[in-house]
1. Bin width 5 Å, origin at 0, all Cα-Cα pairs of region B:1-98: what percent of pairs per bin?
2. Out of residues 5 or more away from B:Gly51 or on other chains, whose amide H comes under 5 Å of its own, with H placed 1.01 Å from N in the peptide plane?
3. What angle, in degrees between 0 and 90 and rounded to the nearest 10, separates the Cα long axis of helix B:21-40 from the longest principal axis of the Cα atoms of chain B?
4. Using only the Cα atoms of region B:1-40, what do you get for the radius of gyration and for Dmax, in Å?
5. Report, please, the projected area of chain A averaged over directions, based on the convex hull of its C-alpha atoms, in nm².
6. Give me the Kirkwood hydrodynamic radius of region A:42-89, using the inverse of the mean 1/r over all pairs of distinct Cα atoms, in Å to one decimal.
7. Please state the shape class of the protein assembly as shown: rounded when a/c is under 1.5, otherwise prolate if a/b exceeds b/c and oblate if not, all from the C-alpha gyration tensor.
8. Can you give me the long-range amide H partners of A:Val72? Hydrogens built in the peptide plane at 1.01 Å from N, cutoff under 5 Å, separation of 5 or more residues or another chain.
Amino acid sequence: MTKSELIAELSSANPHLTSRDVDLIVATIFDEITTALSRGERVELRGFGAFTVKRRQARTGRNPRTGEAVPVDAKAVPFFKAGKELRERVNKGRPSKERPGA
Amino acid sequence: MNTVTRAQLSETIYAQVGLSRNESADLLEAVLDRMSAALEAGESVKISGFGTFSVRQKGRRVGRNPKTGEEVPILPRRVLVFRPSHVLKAHVNGMVPDDAGDGGDEE
């Protein structure tokens with residue numbers, strides 16, 4: 001599913017809205033999440049999941065082709081952890097027993 | 001640290017789009033529902049400029065209870081992974097991406 005397919009599905013389920021409205025709604029949601037993350041905040045949507053920013057320290061990497069050491073700067077990485085409900089939906093129909101305590 | 005929740009997101013929709021507060025909350029829920037349904041069906045969800053959510057099949061493996069050292073089989077399962085687009089990565093690093101390209105996959 002792409003963003004435009006998502007917009008198309010939502011538009012047909014909500015005939016009272018124009019597809020431009022739906023487009024704006026979808027864009028607003030992802031823009032707002034992006035803005036929050038870029039302020040270093042977390043976004044928590046119960047049942048769906050949480051978006052957070054993880055900080056990575058600077059490290060010495062290696063060019064895999066030449067083996068040469070290259071400094072890698074510290075950076076921030078966006079991270080998503082699926083919520084319990086979504087995790088279970090994705091894994092639906094599969095036995096969840098026999099797992100070690102998480 | 002401040003946490004953004006459904007309440008703030010639907011408030012932003014209310015302010016930006018001009019729907020009622022109730023309807024803004026409903027539409028936010030509808031967006032999350034549609035995405036969840038696609039993922040449940042094993043489909044990827046690709047939001048350009050933001051990232052790609054996909055479902056990965058994990059095989060059976062032998063795990064170990066770290067406390068007791070006991071071996072426990074981990075059954076095959078499906079897990080969700082999110083790959084942020086380069087646009088989102090640039091934003092969280094305080095950079096404005098020079099090219100608002102397609103996002104999703106790169107590298």
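1. 2, 11, 11, 13, 17, 16, 11, 8, 6, 3, 2, 0
2. The answer is B:Ser85, B:Gly104.
3. It is inclined by approximately 30 degrees.
4. When restricted to the Cα atoms of region B:1-40, Rg and Dmax are 11.3, 32 Å.
5. Numbers: hull surface 45.4 nm².
Average projection, Cα convex hull of chain A: 11.3 nm².
6. So the Kirkwood estimate lands at 13.0 Å.
7. Judged from the Cα gyration tensor, the protein assembly as shown comes out oblate (a/c at least 1.5, b/c at or above a/b).
8. HN-HN under 5 Å from A:Val72: A:Arg59, A:Thr60, A:Gly61.
Values quoted throughout were computed directly from the atomic coordinates according to the rules given, and no laboratory measurement underlies them. On a predicted model such as this, the values are computed, not experimentally measured, just so you know.
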